[in-house]
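Asks: Here's a structure for you.
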Amino acid sequence: MKNKLLLITSFLLGLLTNAQDMLPVRGLAIAAPDKQNIDRFVKFIHEELAPRKINTLVLRVDYNFEYKSHPELQENNALSQAEVNKLVAACQQHGISIIPQINLLGHQSWESELGMLLKVYPQFDETPAIKLPSTYKWPNDDGLYCKSYCPLHPEVHQVVFELMDEIVSAFQADAFHAGMDEVFYLADDACVRCKGKNKAELFAGELTKIRNHLALKNKKLWIWGDRLLDGKTTGLGMWEASMNDTHPAIDLIPKDIMICDWHYERAEPTAAYFAVKGFDVATSSWRKGAVAKEQMAFLEGLRKNANPEIADRVKGMVHTSWSSAGDFLDRFYGPVDKNKEDDAVCFKMLFGL
């Protein structure tokens, strides 16, 4: 009886999503589940992602893994290889590509807490003189959102690259997501290595180093695209685009980097910009279902109306969740209110209830 219900659900969801089949990427970006939610998340893959024809799962792993190369960086209760294997097997059964993510360059702290990289290796800090406050508020006098590591530190890439290699291998992945979003600290005047450097060139240099390392093993780099957009000219501002002069990096980096172009308040047309610039691109939604549907329609229109070279670079949608996987599942299986701004509700509105 259970299998019959799953088949019926899959058929009905297929009817809802036939219009979207033209998009090659149908994805979800979410935190990797903790140990307590592994089996629950595997069930979600089988019973919810597969029937909705989700084919891409970006998992924010960061330090939630039992690293062998750098065990000093793993968080408490980190996922074991056996637990990761459960996720991999479930995704492989349904043709879902896992793309593991470790936030690189920026997002090395959150509010009053350092991330593991700077906690263990404080010498990598781009702004060591800026201390995390006991009570975090934004805005603040230091312009502190999240810390960055120094991209010119001579030892940082040995550590970062070993983590990348291990996580790509652990998840049997063909691609790696480096984050690279919302980088506010770069070429800081107090950094002995970066002071006075061109921020776009520094950002492009870091991206290129990461991309080149992955390319050695034929792996593809994915990133968030906000630092490659001009926040002033576009009117997108400092979050969804750059106001600190990193945007010229778009003309300095390899074209085989996959861009996740996130916009949460409006269906901004910047996917077309990335495609015209020569990049593969997917648009990313979050909490507003109506905006997500508009984004999907815009991408479908681009693929239908643009010339083949541009249309082929417009890959699809990667919906985002910024809570824990457990919290997302709680909301996903809770009551649906289409008038509520919620990442789980938005996911259902985008890919079928």
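None of the figures in this text is laboratory data; all of them are computed from the coordinates on show. Values in this document were obtained by computation on a predicted structure and should not be read as measured data. Virtual Cβ from ideal backbone geometry, glycine too; neighbours counted across all protein chains shown.
Asks: Is it true that some residue in the range 178-185 is more than 18 Å from the chain's Cα centre (by Cα), within 30 Å of Arg266 (Cβ to Cβ) and part of a loop (DSSP other than H, G, I, E, B)?
Replies: The answer is yes; a qualifying residue exists.
Asks: Name every residue in the range 124-163 that is outside any loop (DSSP other than H, G, I, E, B) and loosely packed, with under 13 Cβ neighbours inside 10 Å, in order of residue number.
Replies: Gln158 - this is the single residue of the range 124-163 that is outside any loop (DSSP other than H, G, I, E, B) and loosely packed, with under 13 Cβ neighbours inside 10 Å.
Asks: Name the residues in the range 291-330 that are touching an Asp or Glu at 6+ places or on another chain (Cβ under 8 Å) and under 18 Å from Leu57 (Cβ atoms), would you?
Replies: The answer is Lys315, His319, Thr320, Ser321, Trp322, Ser323, Ser324, Ala325, Gly326, Phe328.
Asks: In the range 303-318, how many are part of a strand (DSSP E or B) and among the aliphatic types (A, V, I, L, M)?
Replies: Within the range 303-318, residues that are part of a strand (DSSP E or B) and among the aliphatic types (A, V, I, L, M) number 3.
Asks: Related question: Please specify each residue of the range 37-50 satisfying the condition of being outside any helix (DSSP H, G or I) and crowded, with 22+ Cβ neighbours inside 10 Å.
Replies: Passing the criteria: none in range.
Asks: Starting from the range 87-111, keep only residues that are under 19 Å from Phe124 (Cβ atoms), then list their pairs with residues that are surrounded by fewer than 17 Cβ atoms within 10 Å (Cβ to Cβ) and polar (S, T, N, Q) whose Cβ atoms are within a distance under 7 Å, requiring at least 6 positions of separation or different chains.
Replies: Listed pairs, sorted by first residue: none to list.
Asks: Residues that are under 20 Å from the mean Cα position of the chain (by Cα) and aliphatic (A, V, I, L, M): does the range 60-73 have at least one?
Replies: Yes, the range 60-73 contains at least one residue that is under 20 Å from the mean Cα position of the chain (by Cα) and aliphatic (A, V, I, L, M).
Asks: Please go through (1) touching a helix residue (DSSP H, G or I) at 6+ places or on another chain (Cβ under 9 Å); (2) surrounded by 18 or more Cβ atoms within 10 Å (Cβ to Cβ); (3) not polar (S, T, N, Q) for Met238 and return the number of the only condition it doesn't satisfy.
Replies: The single condition Met238 does not satisfy is (2).
Asks: Something else: What are the residues in the range 328-353 that are of a type outside the set (D, E, K, R) and in contact with a Lys or Arg (Cβ under 8 Å, 6 or more places away or on another chain), if any?
Replies: Listed by number, the residues that qualify are Leu329, Phe332, Val336, Ala344, Val345, Cys346, Met349, Leu350, Phe351, Gly352.
Asks: Taking the condition assigned to a loop (DSSP other than H, G, I, E, B), crowded, with 16+ Cβ neighbours inside 10 Å, in contact (Cβ under 8 Å) with a residue 12 or more places away in the chain and of a type outside the set (S, T, N, Q), does Cys194 pass?
Replies: Here the answer is yes, as Cys194 does meet what is asked.
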